[in-house]
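Here's the structure we're looking at; comments come further down.
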Amino acid sequence: MITNRARRTAAAAAPAPCRITVCRGCCCGDPQKVPGVDHAGQIGRLRGAVEGAAQVRASECLDVCDQANVVVVQPSAAGRAAGGRPVWLGLVNDDEALADIGAWVRAGGPGLAEPPGVLDLYEFTASRRVGKALEG
């Protein structure tokens with residue numbers, strides 16, 4: 001029988017993977033704000049692109065509506081130990097960007113691997129207030 005204590009010990013021993021947060025608030029995921037994008041399928045395609053190397057979750061509004069669709073890639077525990085910090089990507093509205101994010105995360109993500117050069121075009125700096133919402 002597996003006890004709660006055994007589960008906590010196993011969870012603590014497992015390396016924490018990268019986390020990817022996809023904004024699905026008021027503007028991100030809205031076909032009127034960003035037409036021509038399969039918003040409903042975007043999270044599933046991103047999960048497929050990372051091939052289990054990261055947790056992908058949806059979030060309410062991340063408060064950077066001018067960058068819709070927003071994706072935040074948070075480093076793994078090893079990536080954070082190596083100096084990696086969350087990377088905010090905006091205007092992620094095509095499958096090629098999702099594939100590039102997936103390849104980067106599979107290679108280690110923030111702190112462990114350099115992102116494909118094209119992701120520089122998507123990266124932006126969130127305000128300190130907004131950034132604090134995902135730190136931790």
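The values are calculated or read from the model by the stated rules, or taken from the named source; none is laboratory data. Bear in mind the structure is a predicted one, so any value in this text is a computation, not a measurement. As a convention, Cβ positions derive from the backbone with ideal geometry for all residues, glycine included, and neighbour counts pool all protein chains shown.
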- prompt: For the subset of segment 4-24 comprising residues that are part of a loop (DSSP other than H, G, I, E, B) and farther than 13 Å from V71 by Cβ, which member is modelled with the lowest pLDDT?
  reply: A14
- prompt: Only one residue in R24, R57 is surrounded by 14 or more Cβ atoms within 10 Å (Cβ to Cβ) and of a type in the set (K, R), so which one is that?
  reply: R24
statement: A careful count of residues in segment 66-78 that are more than 22 Å from A16 (Cβ to Cβ) and surrounded by fewer than 22 Cβ atoms within 10 Å (Cβ to Cβ) gives 2
task: Give just the number: which of (1) modelled with pLDDT under 95; (2) surrounded by fewer than 15 Cβ atoms within 10 Å (Cβ to Cβ) does A81 not satisfy?
output: (1)
Residue count, segment 66-96 (criterion: within 17 Å of P116 (Cα to Cα) and among the hydrophobic types (A, V, I, L, M, F, W, C)): 8
